[in-house]
């Protein structure tokens, strides 16, 4: 008798198993989720989208700072103009 009950229990379907949703249930569930998300802060939505990988993640890399090219390059024309204007030289200038 017990073996017959056990066999019937194993072969019967589980009443609590998740059944696939039909089209109407999917739309209702989606509408509920959208209404809940509309009430949230935009920062929360952005974080959720990152967690779900719906937004491409940016890779931030350090870039080398560009030095001022005016001070590093020696320009003979600029030297002549600065001398003619009477500005003192910031260092030894080549002539």
Fill in the blank from the handout: Taking the stretch 1-31 and the residues there that are at pLDDT 85 or above and surrounded by 10 or more Cβ atoms within 10 Å (Cβ to Cβ), the one that is nearest to residue 58 (Cα to Cα) would be 30
Practice task
State whether one or more residues within the stretch 73-83 are within 32 Å of the chain's Cα centre (by Cα), modelled with pLDDT of 70 or more and assigned to a helix (DSSP H, G or I).
Solution key: no
Practice task
Kindly list, by first and then second residue, each pair from a residue in the stretch 19-46 that is on the phi < 0 side of the Ramachandran plot and in contact (Cβ under 8 Å) with a residue 40 or more places away in the chain to a residue that is in a helix (DSSP H, G or I) and loosely packed, with under 10 Cβ neighbours inside 10 Å, limited to pairs with Cβ atoms under 9 Å and residues at least 6 apart or on different chains.
Solution key: none
Exercise for the section: Provide a single number: the residues in the stretch 47-59 that are on the phi < 0 side of the Ramachandran plot and either surrounded by fewer than 10 Cβ atoms within 10 Å (Cβ to Cβ) or touching a residue at least 12 places away in the same chain (Cβ under 8 Å) (or both). Expected result: 7
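The values are calculated or read from the model by the stated rules, or taken from the named source; none is laboratory data. In this text, all values refer to a predicted model and were calculated from it rather than measured experimentally. Quick reminder, even Gly has a Cβ in these numbers, built from the backbone with ideal geometry, and neighbours come from all protein chains shown.
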